1. Using the 10 angstrom Cβ neighbour count as an exposure proxy, how do Ile30, Ile16, Ile54 rank, fewest first?
2. Which of the trypsin sites (Lys or Arg not before Pro) found in the stretch 19-51 are loop residues per DSSP with 16 or fewer other Cβ atoms within 10 Å of their Cβ?
3. Could you calculate the contour length gain from Phe32 to Asn15, that is, 0.36 nm times the residue separation minus the distance between their Cα atoms, to one decimal place in nm?
4. Could you derive backbone 3J(HN,Hα) for the stretch 38-51 from the dihedral phi with the Karplus parameters 6.51, -1.76 and 1.60 (θ = phi - 60°), listing whole Hz in sequence and x where the residue is Gly or Pro?
5. For the stretch 19-65, which chymotrypsin sites (Phe, Trp or Tyr not before Pro) are in a loop by DSSP, counting at most 15 other Cβ atoms within 10 Å?
6. Sequence-distant or interchain residues sharing an amide H contact under 5 Å with Met20, placed H: which?
Amino acid sequence: MLHEILFAMMGRHGNIVIEMNKAFSINPNIDFLSPTEKSLVGKLVNLGYFYKQILLVIAKDRKAFNSRILDFDNAKAKEE
């Protein structure tokens, strides 16, 4: 269980922590956790979903940034 929580905090889901409705949550078929534990762990692993989304935005922005740099370099080379 601990490794699932750690993976979720890194933005990855598995068998216990699943991605559902734009969030990470505890698999409803898990029966070894009490409802209170499911709620607390669910709130915790949902932070991992936000982390995953932040990484996606950074990767997208980095790709756009690199594209702009490449375009600038190509334009500068044409001027010379």
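All of the numbers you see were taken from the coordinates with simple rules; none came from a lab. Please read these numbers as outputs of a predicted model, since none were measured by experiment. Cβ placement follows ideal geometry from the backbone for every residue including glycine, while neighbour counts extend to all protein chains displayed.
1. With the sparsest Cβ surroundings first, the list reads Ile54, Ile30, Ile16.
2. Lys22
3. 4.8 nm
4. Whole-Hz 3J(HN,Hα) from phi for the stretch 38-51: 4, 5, 5, 5, x, 5, 5, 6, 5, 4, x, 5, 4, 4.
5. Passing sites in the stretch 19-65 are Phe32.
6. Residues meeting the criterion, in which the H sits 1.01 Å from N, are Ser25.
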